[in-house]
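Asker: Pasting a structure here, questions to come.
Nothing in this text is a laboratory measurement; each read-out follows from the coordinates by a stated rule. All of these numbers come straight from a predicted model, not from anything done at the bench. Reconstructed Cβ throughout: ideal geometry from the backbone, glycine too, with neighbour counts over all protein chains shown.
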Amino acid sequence: MSPLRSVRLVSVLCALGLLLLLPGCTTAPKPFLFREASDFLGVWGTSPTDVHVVGSVFGSEGHRTGMILHFDGRRWTPTRIVNNAFLTGIWGTAASDHIAVGFLFDGSGRMLHRKLESGEWNTTTHVSRTELRGVWGSSPTNVYAVGNSQYGSRGTIEHFDGNSWSTQNDTLMAFGVWGSSANDVFAVGENIVHFDGAQWSTQHVNGFLVGVWGTAANDVFAVGSGGRILHHDGATWTAQPSGTTATLFNIWGTSANDVYAVGDAGAILHYDGTRWASMASNTTNALHGIWGSSAHDIYAVGYEGTIMHYDGQRWRAVDWKAPADWTKKF
């Protein structure tokens, strides 16, 4: 990679809030106040009473600890921690079959798998050589994890066949992954690449994208820096006016006419099938993840321990708390 491209990627990642404590980035450790010291990057669930949030928290000595938070319909409870780590994404197929991804601060990626048989989270034996940023699958035997290095020297697309992980691409610097089927998978980052069941090919090259989601092979959205929103109709990618210059980190919806994008400074946009419009998010914190069980039960998560909930009418902050001695259980 050229020095210019590497510097550009580092500056972009700093702006996206995806680098931590690197030269040139201004992010600094926060004091150990559990909620305010938490940063959440991903959310996923199976129902209103089974929601998982992933991210990290600063410990009392200034070290990041990866964390998984679970909501059972009544309360939020930490269910797993990973020392000196940052968890960035989560996906699953059932209430007890989940995969979470992230990275350690030595630059290596980590996968955690909660299997149906045991119900326990376990760090898998496969270790990626780059930080992992996103995860998606069409089934428990077809899962993809994508990522990139902090300094922009390499990227990765990893595949899980139900038994082991393997690297399918070691050049694309990717942040998000989504597919409509096992033979129709998109990964986004510095480019948009597509997997047709046999090979990966580049579809679009223009700017940095962070999130991708869709309803079908001919209805896919990608979001990224500068408020960029692209739509794929099955043949071509077309820019859509977003009405914002805020960086958009993620996208999700309940249907082609009910799509949400979240981003910097609490930005939440809604698409009704015709146009994008800004919503009152009631937060100014950056939002990195979004998921819901229905149009009336949606969560957006982000920095400073932010968890926002949408009931179909408006967004409200979730006042979650954890026991002071929560780390002692792990």
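Asker: On the Cα set of the stretch 142-216, report Rg and Dmax in Å, please.
Answerer: When restricted to the Cα atoms of the stretch 142-216, Rg and Dmax are 11.7, 36 Å.
Asker: Further, regarding this structure: Give, as a single signed number, the net charge of other residues whose beta carbon lies under 14 Å from the beta carbon of His204, with Lys and Arg counted +1 and Asp and Glu -1.
Answerer: Computed value for this residue: -1.
Asker: Could you state the number of Å between the C-alpha centres of the stretch 187-213 and the stretch 230-280?
Answerer: If you average the Cα positions of each part, the centres end up 17 Å apart.
Asker: Moving on. So what's the net charge close to Gly66: Lys and Arg +1, Asp and Glu -1, counting the other residues with Cβ under 9 Å from its Cβ?
Answerer: Every neighbour counted, the sum reads +3.
Asker: What does the highest-first list of 65-76, 209-220, 308-319, 259-270 look like by mean Cβ count within 10 Å?
Answerer: Highest to lowest by the protection proxy: 259-270, 209-220, 65-76, 308-319.
Asker: Using amide H atoms built 1.01 Å from N in the peptide plane, name the residues 5+ places from Gly134, or on other chains, whose amide H lies under 5 Å from its own.
Answerer: For Gly134, whose amide H was placed from the backbone, the distant partners under 5 Å are Val146.
Asker: So what's the net charge close to Asn218: Lys and Arg +1, Asp and Glu -1, counting the other residues with Cβ under 14 Å from its Cβ?
Answerer: Charge balance in the 14 Å sphere: -3.
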